[in-house]
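Novice: Please find one structure pasted underneath; my questions will follow.
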Amino acid sequence: QVQLVESGGGLVETGGSLRLSCVLSGTSLSTIHMGWYRQAPGKQRDLVASVTTGGGTSNVVDSVKGRFTISEDNAKNTVYLQMSGLKTEDTAVYYCYADFDPTGTMRIWGKGTPVTVSS
């Protein structure tokens, strides 16, 4: 079974830092894109960051630019989301995804890891 497992979430204070990890296992297929969405209670799931795997480009959305960085360790089938300067509005469940085609038609999701920023 293909698995995408996130870790690293937790409770942090405003201004703190966390590093989220996402590990893909159970498949020999190569990903094209991997990244992170987040969803706060009662809100839609929104894109946070993405990377073209295997040494390609990466990006983060404007709301977290300068605070969040996405990176990958391709040999480990792992992507990371380094978060700093955390704000209360960053509180959400963070979901990792992996795309196996350019359009995202073949997309899988992790179960999510919660991040809570206290004030």
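The values are calculated or read from the model by the stated rules, or taken from the named source; none is laboratory data. Predicted model, so just to flag it, every value in this text is computed and none were measured. Ligands, DNA and RNA are stripped out before the accessible areas are found, and what is left, the full protein with its side chains, is counted by its heavy atoms. Shrake-Rupley method; radii C 1.70, N 1.55, O 1.52, S 1.80 Å.
Novice: Give me the extension gain from residue 100 to residue 25: residue separation times 0.36 nm, minus the current Cα-Cα distance, reported in nm with one decimal.
Specialist: 25.7 nm
Novice: Let me ask you something else. Keeping all protein chains in place, calculate the accessible area per residue for the chain (probe 1.4 angstrom), answer in Å². Walk me through the intermediate numbers first.
Specialist: Numbers: 6380 Å² over 119 residues.
Using a 1.4 Å probe on heavy atoms only, each residue of the chain averages 54 Å².
Novice: Follow-up. Tell me the accessible surface of residue 108 in square angstrom (1.4 angstrom probe, heavy atoms of protein chains only), to the nearest ten.
Specialist: The value for residue 108 is about 50 Å².
Novice: Could you put 19, 67 in order of accessible surface area, largest first, with the 1.4 Å probe and the full protein assembly present? The partial results should precede the final answer.
Specialist: Numbers: 19 130, 67 35 Å².
The most accessible residue leads, giving 19, 67.
Novice: In nm², what is the average projected area of the convex hull enclosing the Cα atoms of the range 16-119?
Specialist: Working: hull surface 26.7 nm².
Result: 6.7 nm².
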